[in-house]
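Undergrad: Below are the structure tokens for one structure; questions will follow.
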Amino acid sequence: MTRKPADEQPVRRRTTLHDVAARAGVSAATVSRVLNGTYRVSAETQSRVRRAAEELDYVVNAQARSLVASSSGLVAVLVTDITAPFYNRIAKGLAEQVTAEGRVCILSTPQSGDLDGELATITTLRQQSPEAIVLVGGVHESPDYRKRIDGLAHSLDAEGSRLVLCGRPSPTKDTPATVVEYDGEAGAFAITSHLLSAGHERILFLGGGAGSTTTNPRVRGYRRALEAYGTTPDPALIAHGSSTRVFGYEEMTRILASGTPDFTAVFASDDLAASGVLAALRGHGLRVPDDISVVGFDDTPVALDTVPSLTTVHVPMEEIGRTAIQLALHRHEADFRNAQHAVLGTHITVRDSVRPLVHKRT
């Protein structure tokens, strides 16, 4: 087969508003309203339009395709919950490094708490032609999530931009993204081993969404420590829910209302959940650590504000943010080209919320 000369090769036509409308089965005007947010449109129609735009890789601002992203000087940061200490500490590190690199940081939150909401917000951010789009925090992985995020990463890469994942894994090993994680499994193994070495064999793991990329490593580390110590993990001692103070309080209150606890220690999924556990135990007349020992995860300021102060796992949150920006913005330099996936270490911070038991093993 004879190849056509380069000047005769077909040129890929740029996706238009009408293409998106045809894919979504709506008018071009409706597509415009949804993507620009100028009129109220039903949630079902919004979802259909945004999915069509994503599938066709349509960017509202046509200039976003023709401008070189690296000239914009903007870094867009998408944070699931800016009120959560874990997220805002990472965001602080991100913003500081963005400033140090001479760029401007745009901070945003998803339009809704699901994948569609996250991707819809990213579509809006792409109109600004950012050098990088940073996603902060864990997610519930699924084949659909991996496919769509991998597609996003490739689209951004083609535009000269970069997808950056902070505190969540890459969807595939070949995804063109900068990934900075922390060793949550090792931290959970260490804190569970700390409790086991103090004589606690019945340890309740409480909090964190089941299947979350944040929770899963912590549960693995918890289970691995029990097994290493010769204790079979008890599924009845894992209570998933959310990483919030409200869940920690309500779940512990529910457990205590069902009778005398059959555990001597609680490993809360994070410090916020641990603070709720402490409040519930105190409300039932139980003392920490005299009656029940409690540990958390993250080492946020909450851990110092509790009574007693909380033994927890330190996560280098601000360093995660700084490292992510440094790797992403210098990814073309020799020193950083092959270092686009970093895993930072964790360690225990021992305070006052764990009591050794008399019957601990030798």
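Undergrad: What are the pairs with Cβ atoms under 7 angstrom where one residue, in segment 111-124, is more than 15 Å from GLU55 (Cα to Cα) and the other, located anywhere, is β-branched (Val, Ile, Thr)? Sequence gap at least six, or different chains.
TA: Close Cβ pairs satisfying both conditions: GLN111/THR121.
Undergrad: Within segment 123-133, take every residue that is crowded, with 22+ Cβ neighbours inside 10 Å and aliphatic (A, V, I, L, M) and give me the one that is farthest from the chain's Cα centre (by Cα). Write out each step before concluding.
TA: Going through segment 123-133, the residues crowded, with 22+ Cβ neighbours inside 10 Å turn out to be 126, 129-133.
Add one more test, that the residue is aliphatic (A, V, I, L, M), and what stays is 132-133.
Working: ALA132: 17, ILE133: 14 Å.
Within segment 123-133, the match that is farthest from the chain's Cα centre (by Cα) is ALA132.
Undergrad: Return the only residue of THR192, THR175 being in contact with a helix residue (DSSP H, G or I) (Cβ under 9 Å, 6 or more places away or on another chain) and under 20 Å from LEU281 (Cβ atoms). Write out each step before concluding.
TA: Details: THR175 fails: under 20 Å from LEU281 (Cβ atoms).
After applying the criteria, what remains is THR192.
Undergrad: Something else about it: Name the helices (runs of 4 or more DSSP H) wholly inside segment 105-218 in which the number of residues that are modelled with pLDDT of 95 or more is 2 or more.
TA: So the answer is 184-197.
Undergrad: Could you look through segment 233-281, keep only residues that are part of a helix (DSSP H, G or I) and of a type in the set (Phe, Trp, Tyr), and pick out the one that is most open to solvent (accessible area, probe 1.4 Å)?
TA: Ranking the candidates gives TYR249 first.
Undergrad: I need every pair where a residue in segment 218-241 that is touching a residue at least 24 places away in the same chain (Cβ under 8 Å) has its Cβ under 6 Å from the Cβ of a residue that is among the small types (Gly, Ala, Ser) and part of a helix (DSSP H, G or I), sequence separation at least 6 or different chains.
TA: ARG218/GLY184; ARG218/ALA188; GLY221/ALA188; TYR222/ALA188; ALA225/SER193
Undergrad: Under 7 Å by Cβ, and 6 or more places apart or on different chains, what pairs join a residue from segment 292-315 that is open to solvent by 20 Å² or more (accessible area, probe 1.4 Å) with one that is part of a strand (DSSP E or B)?
TA: Once the first residue is open to solvent by 20 Å² or more (accessible area, probe 1.4 Å) and sits in segment 292-315, its partners that are part of a strand (DSSP E or B) give ASP299/THR312; ASP299/VAL313; ASP299/HIS314; ASP299/THR349; HIS314/HIS347; HIS314/THR349.
Undergrad: In addition: Identify the residue in segment 134-162 that is of a type in the set (A, V, I, L, M, F, W, C) and more than 24 Å from GLY211 (Cβ to Cβ) and, among all such residues, is least open to solvent (accessible area, probe 1.4 Å). First the steps, then the outcome.
TA: First pass over segment 134-162, keeping only residues of a type in the set (A, V, I, L, M, F, W, C): 134-136, 139, 149, 152-153, 156, 158.
With the extra rule that they be more than 24 Å from GLY211 (Cβ to Cβ), the set shrinks to 156, 158.
Numbers: LEU156: 2, ALA158: 91 Å².
Here the residue is LEU156.
Undergrad: Could you identify the single residue in SER170, SER193, SER212, SER197 that is more than 23 Å from ALA76 (Cβ to Cβ), in contact (Cβ under 8 Å) with a residue 24 or more places away in the chain, open to solvent by 10 Å² or more (accessible area, probe 1.4 Å) and within 12 Å of the chain's Cα centre (by Cα)? Break it down stepwise before answering.
TA: Details: SER170 fails: more than 23 Å from ALA76 (Cβ to Cβ); SER193 fails: within 12 Å of the chain's Cα centre (by Cα); SER197 fails: within 12 Å of the chain's Cα centre (by Cα).
Going through SER170, SER193, SER212, SER197 in turn, the sole match is SER212.
Undergrad: Name the single residue that is farthest from ARG168 (Cα to Cα) among those in segment 219-232 being outside any helix (DSSP H, G or I) and open to solvent by 50 Å² or more (accessible area, probe 1.4 Å). Step through it out loud before you land on a result.
TA: Narrowing segment 219-232 to residues outside any helix (DSSP H, G or I): 229-232.
Among the residues that remain, those that are also open to solvent by 50 Å² or more (accessible area, probe 1.4 Å) are: 229-230, 232.
On the way: TYR229: 29, GLY230: 31, THR232: 29 Å.
Among those residues, the one meeting the criterion is GLY230.
Undergrad: Sticking with this structure for a sec: Output the residues belonging to segment 332-348 that are open to solvent by less than 30 Å² (accessible area, probe 1.4 Å) and not small (Gly, Ala, Ser). It would help to see each step written out before you state the result.
TA: Going residue by residue through segment 332-348, those that are open to solvent by less than 30 Å² (accessible area, probe 1.4 Å) are 340, 342, 344.
Matches in segment 332-348: GLN340, LEU344.
Conditions (1) open to solvent by less than 100 Å² (accessible area, probe 1.4 Å); (2) at pLDDT below 70; (3) of a type outside the set (S, T, N, Q), marked per residue:
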site	(1), (2), (3)
ARG3	no, yes, yes
PRO10	no, yes, yes
VAL20	yes, no, yes
ASN36	yes, yes, no
ARG48	yes, no, yes
GLU55	no, no, yes
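The values are calculated or read from the model by the stated rules, or taken from the named source; none is laboratory data. All of these numbers come straight from a predicted model, not from anything done at the bench. Reconstructed Cβ throughout: ideal geometry from the backbone, glycine too, with neighbour counts over all protein chains shown. Accessible surface areas use protein heavy atoms only, side chains included; no ligands, DNA or RNA. Shrake-Rupley method; radii C 1.70, N 1.55, O 1.52, S 1.80 Å.
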